[in-house]
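Read through the structure below, which is laid out as structure tokens, and then see the notes.
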Amino acid sequence: MAREKDADRGVRGKPAHNSGTEATGPTRAVVIVPVLTRHQRNDDETNRPRLTRSADARHDEAVGLARAINLDLIHTAVVTVNDPRPATLLGSGKVAEFAEIVKEGHAEVVIVDHPLTPVQQRNLEKEMNAKVLDRTGLILEIFGERARTKEGTLQVELAHLNYQKGRLVRSWTHLERQRGGAGFLGGPGETQIESDRRQLQEKIIKLKHELETVRRTRDLHRAKRKKVPFPVVAIVGYTNAGKSTLFNRLTGADVLAEDMLFATLDPTLRRVRLPHGTPIILSDTVGFISDLPTHLVAAFRATLEEVVEADLVIHLRDISDPDTAAQAEDVERILADLGVDAGDAKRVVEVWNKVDLLDDGNRERLLADGTDANKAPPIAISAVTGEGIDALKALIETRMSGELEELTVTIEPAQFGLVDWLYRNGDVVSRVDNEDGSATISLKATHSARHEIESRLHRKNRQ
């Protein structure tokens with residue numbers, strides 16, 4: 001059974017263009033989302049069944065991934081697969097049906113939102129006379145377009161080469177390139193395969209050396225930051241959860257933030273001063289996604305080390321997404337692969353974003369359901385409207401510098417240069433100007449700020 005999407009819903013099922021007379025436009029593509037009825041995955045750690053997504057949610061994500069590289073989707077479909085075929089994954093009838101759709105719509109690319117073996121990929125390409133991308137290949141294409149820094153480019157290229165190596169053929173790197181051999185149906189002979197394997201291995205070794213150089217540079221930068229002891233706070237989450245929007249809200253930066261999967265790829269770091277003066281380094285990282293290729297995680301490990309080294313990790317969730325629980329499970333699994341325990345309440349803070357998209361009833365129900373006696377309650381925010389941002393800043397500052405403490409200080413006339421600093425780094429509750437020219441100030445400050453205040457007053461008294 002296949003559930004197809006009609007033409008009048010955005011770019012899904014867009015009618016085929018007339019051939020021959022129109023100017024060359026975006027690459028035409030067909031998206032197929034196989035749903036395997038007997039495919040039950042268990043969690044590697046707990047051996048319990050993983051949360052599964054609805055077919056519609058998987059379809060929407062596959063369409064979002066395709067849109068991320070501006071493909072012109074002429075047809076999309078969700079296909080139930082009861083008996084996966086080793087040669088093509090899909091049954092012969094479905095393969096023939098989609099081959100006809102590809103032919104009539106002049107599609108150049110077929111996206112199968114499921115891992116394909118090299119044999120399945122080659123057979124589908126032969127039957128459909130078009131390039132075939134599985135989920136891994138599509139994600140690699142997106143990352144290839146999104147990478148901007150030298151490190152990001154090297155990481156994507158390394159992951160792509162490892163992916164190609166498993167295929168044992170000289171697969172194309174970008175969508176406009178054809179596979180090895182003449183035309184879509186051609187293929188290299190045995191000698192060409194061995195040559196390809198050798199060339200790929202040589203490139204992989206070279207890229208690993210270059211990435212090692214970049215990694216050492218990153219380690220030097222990290223070591224310099226540690227000499228100036230600013231705590232690092234990393235934002236992680238499923239792709240399109242709103243990480244870059246939150247990053248911009250907290251830092252005032254202008255990082256690309258769009259309603260698009262993997263809108264940003266390379267990590268961004270900014271220094272931020274919290275309301276009571278605590279300085280931190282905030283890091284925005286690449287979004288996670290279900291079934292993220294393992295070699296892609298390995299390639300980006302140097303970048304993701306910012307998460308591993310972070311003093312505090314903000315796990316940002318799109319609470320308005322119906323599959324938010326499954327998305328959170330995927331993020332926690334990747335964090336575990338990086339050595340970060342998502343259940344560590346002292347180090348990982350769960351933040352629920354996009355609460356502005358919920359009605360009051362759903363918001364109260366979700367917050368009540370999300371309360372766990374063994375975990376700190378999640379913080380509900382909207383990175384777009386600013387709701388809850390002050391509470392999030394206060395929590396970060398508490399984690400980094402301790403709870404607010406009350407203190408009263410007397411500022412002598414010669415010390416009045418400290419008054420402005422006190423107002424910027426604490427909550428002044430009251431101020432009394434005394435007859436001798438001094439001022440008595442009661443305020444609330446973080447534990448670290450209190451020590452700084454006492455140190456500054458002591459230095460002034462000694463001068």
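The values are calculated or read from the model by the stated rules, or taken from the named source; none is laboratory data. Source: prediction; values computed, not measured. Cβ atoms come from the backbone with ideal geometry, glycine included; neighbour counts cover every protein chain shown. For accessibility, only protein heavy atoms count, side chains too; no ligands or nucleic acids. Shrake-Rupley method; radii C 1.70, N 1.55, O 1.52, S 1.80 Å.
Quick notes on this one:
- Residue check for A342: within 23 Å of the chain's Cα centre (by Cα) and surrounded by 14 or more Cβ atoms within 10 Å (Cβ to Cβ): yes
- Candidates in region 434-458 are the residues that are outside any strand (DSSP E or B) and within 22 Å of A394 (Cβ to Cβ); of these, the one that is farthest from the chain's Cα centre (by Cα) is I453.
- Exactly one residue out of R58, R38, R53 is part of a loop (DSSP other than H, G, I, E, B), modelled with pLDDT of 55 or more and open to solvent by less than 60 Å² (accessible area, probe 1.4 Å): that is R53.
- Residue that is surrounded by fewer than 22 Cβ atoms within 10 Å (Cβ to Cβ) and either within 14 Å of the chain's Cα centre (by Cα) or modelled with pLDDT of 90 or more (or both), where the choices are V297, V351: V297
- Failed item, numbered, when E97 is tested on (1) surrounded by fewer than 21 Cβ atoms within 10 Å (Cβ to Cβ); (2) outside any helix (DSSP H, G or I): (2)
- Residue in region 79-86 that is surrounded by fewer than 22 Cβ atoms within 10 Å (Cβ to Cβ), within 30 Å of the chain's Cα centre (by Cα) and within 30 Å of T239 (Cα to Cα) present: yes
- Looking only at region 100-123, and only at residues there that are within 16 Å of T76 (Cβ to Cβ) and in a helix (DSSP H, G or I), the one that is most open to solvent (accessible area, probe 1.4 Å): E104
- Inclusion of V308 among residues that are surrounded by 13 or more Cβ atoms within 10 Å (Cβ to Cβ) and touching a strand residue (DSSP E or B) at 6+ places or on another chain (Cβ under 7 Å) is not warranted.
- Subset tally (residues that are surrounded by fewer than 22 Cβ atoms within 10 Å (Cβ to Cβ) and either of a type in the set (F, W, Y) or part of a helix (DSSP H, G or I) (or both)) for region 124-136: 4
- Hey, F247 under 13 Å from the mean Cα position of the chain (by Cα) and at pLDDT 85 or above or not: yes
- Any hit, region 137-157, residues being part of a helix (DSSP H, G or I), at pLDDT 90 or above and surrounded by fewer than 17 Cβ atoms within 10 Å (Cβ to Cβ): no
- Those residues of region 395-436 which are open to solvent by 20 Å² or more (accessible area, probe 1.4 Å), aliphatic (A, V, I, L, M) and modelled with pLDDT of 90 or more, in sequence order: L395, V432
- Strands (runs of 3 or more DSSP E) lying entirely in region 333-433 (those with 1 or more residues that are under 21 Å from D311 (Cβ atoms)): 348-353, 405-411
- Residue tally, condition within 23 Å of L269 (Cβ to Cβ) and either free of Cβ contacts under 8 Å to residues at least 12 places away in the same chain or buried (at least 16 other Cβ atoms within 10 Å of the Cβ) (or both), over region 319-337: 3
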